[in-house]
Amino acid sequence: MLNILIISDEAKGIASLFRSTGFTPDTRDMKQASAAPQGADEASDHYDIAFLDLDTDNWQERLLDARHSMPVIAFSRPDLHKAVEALKLGAGDYLEKPLTAEVISEVVGRHQKKILSHKYGFDEIIGNSAPMQEVFGLIKKAAASESNVLITGESGTGKELIARAIHRWSPRSEKSFMTINCTAIPDTLLESELFGFEKGSFTGAQYTKKGLLEQALGGTVFFDEIGDVSPLFQTKVLRVLQEGEIMRIGGMRQIRVDLRFITATSRDLKTACQRGMFREDLFYRLNVINIHLPPLRDRMEDVALLAKHFVQKHATKRKDVLIKCISGEALSLLLEHSYPGNVRELENIIERSISFANTSEILPADLPPDIRQAQAPARQHRAAAQLLKDALTTVEKETITAALLESNGNISRAATILGIYRQQLQRKIKQHKITM
Ligand SMILES: Nc1ncnc2c1ncn2[C@@H]1O[C@H](COP(=O)(O)OP(=O)(O)OP(=O)(O)O)[C@@H](O)[C@H]1O
Ligand SMILES: [Mg+2]
């Protein structure tokens, strides 16, 4: 079921029209809800699509607030100027009043694909697990803010994908997204690559060249593998962040850099700072918003959805057979694997299987040999983890029961004995179904 938000002075009336088409919308009636903090609720993660009445006060701000979190459909009495302005500000569509049930159904249908991908992932980012849902929330927050973002996670967890999504959903989306692969730039070329040079500034500078940062002005710069850069690189980047200005080699004037910085690394930068390998001042500047991508083995509930997504993504590579799905048995084998290479490894497995499949379904025989021979160690590891989890649960339950006996069933006293909060204890009692 879609969560539709209607923002209008006449929200109540319009809502009944939505109900007649089978939707149950939430309304923000601006006349009645004038005290509500503007934008706060609308920008929440809760809605899938918004309908915004342009005949409402402050509609521009409301549009800017809402468009980061969901597609916004603008509507008003026929007004070409408003329509153009709304579309420029990021509305996904414009409708003229009076709205009709048919038009509403049609426009919701048209945006369905975007809404669904939004619900189960962010654009092409798939993930239904709790940690990935948290990541989607952070992407939205990061997109709506100008703060620097540091994306961390093992290789192949999707760091670049996330960086691109933040840019695409940010107000800078129309401007460039510049990926700078930090490890590919040697110190000797660092300044000319990042800042550019003026003609004649050194032997061989036969023309003026804009550096990568200048080329990206107004957009987003993505420093990939920032954890592997030299001390010189760190110092140069820090200076750009501190001063907000750059100068071409041989240049005479400072150029203000209007840029948003996103960085990614598979290293543990905190430890690198402690060891003196990474500048702490730079780390704090970069790590304003941290998005950590857990390894795939810690979110195995995403495997099936990801596998399905990759089948669709790569099916076109087979011209002779249309590969549609993965058999239950093959999927079980995929769920046994521990994915040291994370999502990239799963994607490669599916891509390879598509080339091997003989029918429209991927079967166990189409999977790589190491996946086919179900991974006994992985299974044993999981079984051991489960044993440990069960043992800890039993110990916890026994300890709580003992504390409750000692306190004669007084929860506050038992909580004091255990050194935890009362609410925490109540939750645990419920969780373990302890009766007194
Ligand atoms: N959640 C996801 N949904 C869909 N595809 C994903 C997801 N995560 C990763 N991928 C895919 O997996 C591949 C690897 O992702 P990406 O390059 O973003 O990883 P990375 O963390 O930057 O890896 P590295 O550290 O090795 O550079 C890409 O093809 C990407 O599209
Ligand atoms: Mg990468």
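Annotations
- Neighbours by Cβ (under 7 Å, 6+ apart or cross-chain): first from segment 78-99, within 25 Å of PRO171 (Cα to Cα); second open to solvent by 40 Å² or more (accessible area, probe 1.4 Å) and β-branched (Val, Ile, Thr): LEU95/VAL103
- Hits in segment 135-161 (condition: away from ligand 1 (no atom under 13 Å from the Cβ) and among the charged types (D, E, K, R)): LYS140, LYS141, GLU146
- Residues in segment 349-365 that are part of a helix (DSSP H, G or I), under 14 Å from VAL321 (Cα atoms) and open to solvent by less than 10 Å² (accessible area, probe 1.4 Å): SER353, ILE354.
- Taken as a whole, segment 229-246 holds at least one residue that is surrounded by 16 or more Cβ atoms within 10 Å (Cβ to Cβ), within 16 Å of ligand 2 (Cβ to nearest atom) and in the same structural domain as LYS159 (by TED's automatic domain parsing).
- Residue pairs whose Cβ atoms lie under 8 Å apart, separated by 6 or more positions or on different chains, with the first residue in segment 101-120 and on the phi > 0 side of the Ramachandran plot and not assigned by TED's automatic domain parsing to the domain that holds ILE139 and the second surrounded by fewer than 13 Cβ atoms within 10 Å (Cβ to Cβ) and at pLDDT 60 or above, do not occur.
Condition check ((1) assigned to a helix (DSSP H, G or I); (2) farther than 18 Å from ASP298 by Cβ; (3) of a type in the set (Val, Ile, Thr); (4) modelled with pLDDT under 90) across all residues:
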position: LYS82; (1), (2), (3), (4): yes, yes, no, no
position: GLU85; (1), (2), (3), (4): yes, yes, no, no
position: LEU95; (1), (2), (3), (4): no, yes, no, no
position: GLU102; (1), (2), (3), (4): yes, yes, no, yes
position: SER105; (1), (2), (3), (4): yes, yes, no, yes
position: VAL108; (1), (2), (3), (4): yes, yes, yes, yes
position: LEU116; (1), (2), (3), (4): yes, yes, no, yes
position: ILE139; (1), (2), (3), (4): yes, yes, yes, no
position: SER155; (1), (2), (3), (4): no, no, no, no
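- Scanning segment 303-347 for residues that are in contact (Cβ under 8 Å) with a residue 40 or more places away in the chain and in contact with a strand residue (DSSP E or B) (Cβ under 7 Å, 6 or more places away or on another chain), we see that the one that is farthest from ligand 2 (Cβ to nearest atom) is VAL311.
- Selection count, segment 158-170, where residues are in contact with a helix residue (DSSP H, G or I) (Cβ under 9 Å, 6 or more places away or on another chain) and open to solvent by less than 10 Å² (accessible area, probe 1.4 Å): 4
- Candidate set: segment 174-224, residues that are of a type in the set (Ser, Thr, Tyr) and not in a helix (DSSP H, G or I); chosen: the one least open to solvent (accessible area, probe 1.4 Å): THR220
- Test set (1) more than 16 Å from ligand 2 (Cβ to nearest atom); (2) part of a loop (DSSP other than H, G, I, E, B); (3) in the same structural domain as LEU161 (by TED's automatic domain parsing) - ARG267 fails condition number: (1)
- Among the residues listed as PHE51, PHE75, the single one being modelled with pLDDT of 85 or more and under 25 Å from the mean Cα position of the chain (by Cα): PHE51
- In segment 265-285, the qualifying residues are those that are within 16 Å of ligand 1 (Cβ to nearest atom) and open to solvent by less than 10 Å² (accessible area, probe 1.4 Å), and the one that is farthest from the chain's Cα centre (by Cα) is LEU269.
- Hits in segment 247-264 - residues which are within 16 Å of ligand 2 (Cβ to nearest atom) and open to solvent by 20 Å² or more (accessible area, probe 1.4 Å): none
- Taken over segment 126-155, the criterion of being within 16 Å of ligand 2 (Cβ to nearest atom) and either open to solvent by 10 Å² or more (accessible area, probe 1.4 Å) or of a type in the set (Lys, Arg) (or both) is satisfied by THR152, GLU154, SER155.
- Among residues of segment 197-241, those that are farther than 15 Å from SER176 by Cβ and away from ligand 1 (no atom under 16 Å from the Cβ), counted: 25
The values are calculated or read from the model by the stated rules, or taken from the named source; none is laboratory data. None of these values were measured; they are calculated from a predicted model. So basically every Cβ, Gly included, is an ideal-geometry build from the backbone, and we count neighbours across all protein chains shown. Each accessible area value is taken on the protein alone, full model and side chains, heavy atoms only, with ligands, DNA and RNA left out. Shrake-Rupley method; radii C 1.70, N 1.55, O 1.52, S 1.80 Å.
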